[in-house]
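Peer 1: Okay, here's the structure, questions in a sec.
The values are calculated or read from the model by the stated rules, or taken from the named source; none is laboratory data. Because the structure is predicted, anything quoted here is derived from the model rather than measured. Methodologically, a virtual Cβ is constructed for each residue, glycine included, from the backbone with ideal geometry; neighbour enumeration extends over all protein chains shown.
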């Protein structure tokens, strides 16, 4: 159907009398027809095209349509807002609904802040139980403060409406992403799960269990941040669950842990199970178990074999499939016991390694929960069925009981006012620092010592007195004293109170130690990353001595032992490297190695190696000073030799010209221009090259002169004697074609090279053609006579000066080269002769053969450069432009208009896709996932590359974008957002600068540059030098690449100055001229 605006346009035009009703009907029918054939148009356009309205009137009516629509929207908004205000919030739109309430997008009117406002359904508003549960949900969410958990801001009541104000998250749920894509990529899935795992770890440490982790409860924001939704929320079963009752669910059957299905009670390991089922769903697109009913699905969770994600979808790595299987273990004890252990395995899989599958130890401060008897009530004495029975009947009955509980109530944690009891402890006891109301046993059940005999009262008083005398400080010493009291006075109430306090205090101290351990471990890990293995080792060793918790102490000792082994390996490597460099007389590099070696030794042993490093540096400085003196002498000697060669050059050129070898003389002069370093010598060689070029141009000018006389009869003198008579047929390509009469009426056409004509014939032809423009003729004539030393050179030189041609400097050069001196012999003009080429004293003076070799080398280089410039587009066909400067190619690539990586840049892994047409907020080439692209050509020598991109989403901690150079022997130089890192295989050898990833801002233009000159390397971030250093050795032949991880980037363009390897160029284009 046409737009409503078109209908309003036609109505307004008709009301104003601008259109007749029949004309409006015709336009409407045409709009309908164009809509049917897929070519929609506008009423305003058609009215102008049909001639019903002029363009100005149509625009005025269009403005009135816009004003009408704007006013209509404002009126509807005013009416809607009057009805959609609750407390201090204004409802904007409905986001979704559940069993207990509906969620709206709302705006806090005073703060002007968007929130998600959840309203309790009116049917539950009069039920105190549901209202209390609603408030408990808000309190549970408010206890958590984590970037991956949706925060709760406010809870309250406005009239009969109960509401919770929560953080508004603009994004898509993982369930929606799976439905749209089929399944998610492995790397993206792991990154999402790692974020949710952090949120769950925070919740578990706060004594909260989610119990409904699933794709629908995980939302991904536009910046790639995963958010955990509905913490502690009692939800009505949705379509995914398949339940049709009107009760509440304690979980979603597709993602429910077996102990939840059996209603045996669930602790934090049930969330790990549900997270594993969610990860399975993300990477395969299917749920772990599927059946025709919820009970059947729960039966499969309890008894069916654990599915293999790699077997179902081969693209899923075997390592990730093993991690998922451990997360989906039937028994909680067989799953991951530690969040950190699970995170380590996921990080290993993400990096391409196999997981360790070590479940780890139970985290300090997180409790397990005693299984409850299904259906148990206060005072009930019904026997409990064994949870370990292997019969299918027992499993079905247990699952059926869980299904009944799904219909009867909400989450057990939200339903029960008391905390669950830990497994294996008496009712009411506390584990790992969790406190809760304790149900005391009846008086009749107490031992005789507590029931009231005299001996028990004496022991009780003694225990109470000892309890009062204990160390009041809340420390591990008090824990030991409390435990000693429990052992000394068993069965007393004081011992029972001491046991409870010891348990609480142990959990509190363990939690504090855990927090302190984490902070210290981060600091020591940073030292390790910076290469300070000694500092990290001593830190972990000191921390292990300070810790009282045996688990943490064991971890610290393990890290210290591992660092010790790494330190020993590093010391052995540096020792061998230092000795090798010393033997090779590379003193400066050896000194750097010994300084690194000393930094890793204990303080008492460093002085010896630092002195050794200083001695080597002093030796290197002395060697450098000597080399500088020698280099200065060598430069002076080279300057002397160059001056002699420059003085001899005019004489050599004159000799070649007298021999008729003008072309060789010109090549010698041009090679001297490139070989000479002094400016005056370069100018001398350039002056002679220009003069010789003018002489060479005479023959081409003569051909042009004869071409103008085509068809005339000519009588020409030959250089070797004789005359050429006939009709001039053609003159081109350095030849004359003359028709000769041969007996009677027959003719013969012969071709004569222009240089075979007598010199005076060629020069006279040029003089006649140029006419009054005698400058080029006189320049060439005077130069030739000067080189030959002819007596009439002075006369021609004067005529050239009158014509505005200045050859005085050339004449002076040739007079100085004459053995007879500037005036010549006897005053008869310049006697030009070749300067003597005698060997000069000194071993570094180049002789004639050396000069000739240099000349040929320069000619080869010039030929190669000309050939490379000619074929540069064939080397890099996808480049927008390929420039050439200073012996290097400069390809530039602009990633616009559906351009992706192709032949010049090959994507090795990850995703890259052009921005879809019509997208305005993004441009260029989109880079996602864990990716790498390589430049097709292997490179050598210097490099300068600049990359221009925009970061749409970037993980501030783990995000990465880098320019990499991979050299021989698995050596790598990586420029990572301003930081330079040098690797040997997987071992990081050195690092400089700071990663500027935290400086990235979404949708801001960023440039990253890497410059390599010899072994000197510089990194620039947004035009500012962020790191520079000298490589320990050259990379040789290396590969250029781009890498990105945990980011979504828009690559706009890149350009580079580079030198491709010659063998690759030969394979690409064939034999290269001027190269072996």
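Peer 1: Would you mind listing the helices (runs of 4 or more DSSP H) fully within segment 279-348 where at least 3 residues are modelled with pLDDT under 95 and farther than 25 Å from residue 182 by Cα?
Peer 2: Here the list reads 294-303.
Peer 1: Looking at 132, 125, 142, 116 in this structure, which one is without any contact (Cβ under 8 Å) to a residue 24 or more places away in the chain, more than 28 Å from the chain's Cα centre (by Cα) and farther than 23 Å from residue 271 by Cα?
Peer 2: Criteria check complete, one pass: 132.
Peer 1: Kindly evaluate residue 628 against the criterion of being in a helix (DSSP H, G or I) and surrounded by fewer than 16 Cβ atoms within 10 Å (Cβ to Cβ).
Peer 2: So residue 628 fits the description; yes.
Peer 1: Which of the following residues is surrounded by 13 or more Cβ atoms within 10 Å (Cβ to Cβ) and either at pLDDT 65 or above or within 30 Å of residue 1047 (Cβ to Cβ) (or both): 920, 876?
Peer 2: Residue meeting the stated conditions: 876.
Peer 1: Being farther than 21 Å from residue 346 by Cβ, surrounded by fewer than 24 Cβ atoms within 10 Å (Cβ to Cβ) and at pLDDT 85 or above is true for just one of 222, 247. Which residue is that?
Peer 2: Only one candidate passes the filter, namely 222.
Peer 1: Taking segment 549-606 only, how many residues are crowded, with 16+ Cβ neighbours inside 10 Å, free of Cβ contacts under 8 Å to residues at least 60 places away in the same chain and not in a helix (DSSP H, G or I)?
Peer 2: So the count comes out to 1.
Peer 1: If you don't mind, there's one more thing I want to ask. Give 944, 933, 937 a once-over and let me know the one that is within 21 Å of residue 1012 (Cα to Cα), in a loop (DSSP other than H, G, I, E, B) and touching a residue at least 24 places away in the same chain (Cβ under 8 Å).
Peer 2: 937
Peer 1: Let me ask something else about it. In segment 1035-1060, which residues are over 17 Å from the mean Cα position of the chain (by Cα), modelled with pLDDT under 90 and surrounded by 15 or more Cβ atoms within 10 Å (Cβ to Cβ)?
Peer 2: 1035, the sole residue that qualifies.
Peer 1: Within segment 680-737, work out how many residues are within 22 Å of residue 667 (Cβ to Cβ) and either surrounded by 15 or more Cβ atoms within 10 Å (Cβ to Cβ) or under 60 Å from the mean Cα position of the chain (by Cα) (or both).
Peer 2: Looking only at that region, the number is 25.
Peer 1: Could you please find all residues in segment 155-197 being within 16 Å of residue 229 (Cβ to Cβ) and assigned to a loop (DSSP other than H, G, I, E, B)?
Peer 2: Matches in segment 155-197: 168, 169, 170.
Peer 1: Same structure again: Quick one: which of 188, 199 is assigned by TED's automatic domain parsing to the domain that holds residue 286, free of Cβ contacts under 8 Å to residues at least 60 places away in the same chain and closer than 15 Å to residue 220 by Cα?
Peer 2: Being assigned by TED's automatic domain parsing to the domain that holds residue 286, free of Cβ contacts under 8 Å to residues at least 60 places away in the same chain and closer than 15 Å to residue 220 by Cα holds for just one of 188, 199, which is 199.
Peer 1: If you don't mind, another one. Check segment 1056-1076 and report whether any residue there is farther than 30 Å from residue 866 by Cβ, touching a strand residue (DSSP E or B) at 6+ places or on another chain (Cβ under 9 Å) and either in a strand (DSSP E or B) or not assigned by TED's automatic domain parsing to the domain that holds residue 974 (or both).
Peer 2: no
Peer 1: Identify, by number, the condition in (1) in contact (Cβ under 8 Å) with a residue 60 or more places away in the chain; (2) closer than 30 Å to residue 578 by Cβ; (3) assigned to a strand (DSSP E or B) that residue 1032 doesn't meet.
Peer 2: Looking at each condition in turn, residue 1032 falls short on (3).
Peer 1: For residues that are more than 11 Å from residue 331 (Cβ to Cβ) and touching a helix residue (DSSP H, G or I) at 6+ places or on another chain (Cβ under 6 Å), scanning just segment 257-266, find the one that is surrounded by the most Cβ atoms within 10 Å (Cβ to Cβ).
Peer 2: Within segment 257-266, the match that is surrounded by the most Cβ atoms within 10 Å (Cβ to Cβ) is 266.
Peer 1: Here's something else I'd like to know. Is it true that some residue in segment 499-517 is modelled with pLDDT of 80 or more, under 34 Å from the mean Cα position of the chain (by Cα) and either closer than 30 Å to residue 597 by Cβ or in a helix (DSSP H, G or I) (or both)?
Peer 2: Yes, segment 499-517 has at least one match.
Peer 1: Restricting attention to segment 142-154, and to residues there that are surrounded by 19 or more Cβ atoms within 10 Å (Cβ to Cβ) and not in a loop (DSSP other than H, G, I, E, B), which single residue is modelled with the lowest pLDDT?
Peer 2: Going through the qualifying residues, I end up with 152.
Peer 1: While we're looking at this one, here's another question. Can you list residue pairs whose Cβ atoms sit under 6 Å apart, with the first residue in segment 619-636 being at negative phi and the second being surrounded by 10 or more Cβ atoms within 10 Å (Cβ to Cβ) and modelled with pLDDT of 80 or more? Count only pairs 6 or more apart in sequence or on different chains.
Peer 2: Listed pairs, sorted by first residue: 619/587; 620/587; 620/588.
Peer 1: If you don't mind, there's one more thing I want to ask. Report, by residue number, each residue of segment 164-180 that is touching a residue at least 24 places away in the same chain (Cβ under 8 Å) and closer than 22 Å to residue 929 by Cα.
Peer 2: If the condition is that a residue be touching a residue at least 24 places away in the same chain (Cβ under 8 Å) and closer than 22 Å to residue 929 by Cα, then 170, 171, 172, 173, 174, 175, 177, 178 are the ones that fit.
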